[in-house]
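Written below as structure tokens is the structure these notes are about.
The values are calculated or read from the model by the stated rules, or taken from the named source; none is laboratory data. From a predicted model like this one, the values you see are computed outputs, not experimental measurements. Cβ placement follows ideal geometry from the backbone for every residue including glycine, while neighbour counts extend to all protein chains displayed. The area values use the complete protein model at the heavy-atom level, side chains included, leaving out ligands, DNA and RNA. Shrake-Rupley method; radii C 1.70, N 1.55, O 1.52, S 1.80 Å.
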2 protein chains.
Amino acid sequence: MVDDQLSLTFTALADPTRRAILARLADGDATVNELAEPFDMSLQAISKHLKVLERAGLITRGRDAQWRPCRLETAPLDDATDWIEQYRNIARDRLDRLDQEIQKIQRTRKGNDHE
Amino acid sequence: MVDDQLSLTFTALADPTRRAILARLADGDATVNELAEPFDMSLQAISKHLKVLERAGLITRGRDAQWRPCRLETAPLDDATDWIEQYRNIARDRLDRLDQEIQKIQRTRKGNDHE
DNA sequence: CGCATACTCAACCTAGTAGTTAATCAACTA
DNA sequence: TAGTTGATTAACTACTAGGTTGAGTATGCG
């Protein structure tokens, strides 16, 4: 598996179950059982998903007696948006410049239209 | 494979090779050979990566004689950031409220500290 | 036409993922 | 101490991802 931070983050986000878990955690910390409850899936499967999220740094887990409360961590999300924004902006700027070029050409052509 | 739009997008972004390809395309359109050039990997492997990116809607491909120029499409990136932002904001707001609660409690305690 | 270039498709291999059930660990509770 | 609850670990299955090589397709050019 590819294990650089950004790849771990996007891999973790690539599964709908894991995204739903994060969505739930955005509302507040929760235990494994609470997180598993909405899904038609074994507790062990959820436990595995949590491991993926933990490895990506998207959640941290405490210990409260026999419970393992999960907490959402947003730092990796920040890095993910930063990466996306960077290239989205470059692409947008490039299109803007292209647009300006086209307009410049159109203006020049108009200027020559007087004969 | 999970094939909803968001999963396709994040899956596509989860590979460093594919992110590098997108980074390259942010600077302008390119052919398959041009995209493959920096990588120590067969052209066929790159072709597969491009298929993944295309399926996610992150690139579109034209035809110019025997070349298949690739173009970056940013719409799926917008959706991806929207998703991330949504939950990042919910989490931040929750922490802000929590912070206010703590401050309120601290103020109350201070008020009772006069005996 | 014959051949080079640009690329895709098909078959295969290896490793990893997502799920299962069964067993185990850890902590509270009667 | 025995039993219960919460959660992890282990072993297994089925499938997918990412890479390879080799053959095939499409276009341009002499």
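Tabulated data
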{"read-out": "Filtered residue count, the range A:1-51, keeping only those that are of a type in the set (Val, Ile, Thr) and surrounded by fewer than 13 Cβ atoms within 10 Å (Cβ to Cβ)", "value": "1"}
{"read-out": "Those residues of the range B:33-48 which are within 10 Å of DNA strand C (Cβ to nearest atom) and either out of contact with any strand residue (DSSP E or B) (no Cβ under 7 Å at 6 or more places or on another chain) or within 13 Å of chain A (Cβ to nearest Cβ) (or both), in sequence order", "value": "B:33, B:34, B:36, B:37, B:42, B:43, B:44, B:45, B:46, B:47, B:48"}
{"read-out": "Matching option when the condition is in the same structural domain as residue B:29 (by TED's automatic domain parsing) and within 17 Å of the chain's Cα centre (by Cα), among B:88, B:55", "value": "B:55"}
{"read-out": "Yes/no for residue B:91 being part of a helix (DSSP H, G or I) and farther than 23 Å from residue A:73 by Cβ", "value": "no"}
{"read-out": "Candidates A:60, A:74, filtered to the one that is away from DNA strand C (no atom under 15 Å from the Cβ) and touching a strand residue (DSSP E or B) at 6+ places or on another chain (Cβ under 6 Å)", "value": "A:60"}
{"read-out": "Scan of the range A:52-103 for residues that are among the basic types (Lys, Arg), within 16 Å of DNA strand D (Cβ to nearest atom) and open to solvent by 80 Å² or more (accessible area, probe 1.4 Å), ordered by number", "value": "A:55, A:63, A:68, A:71"}
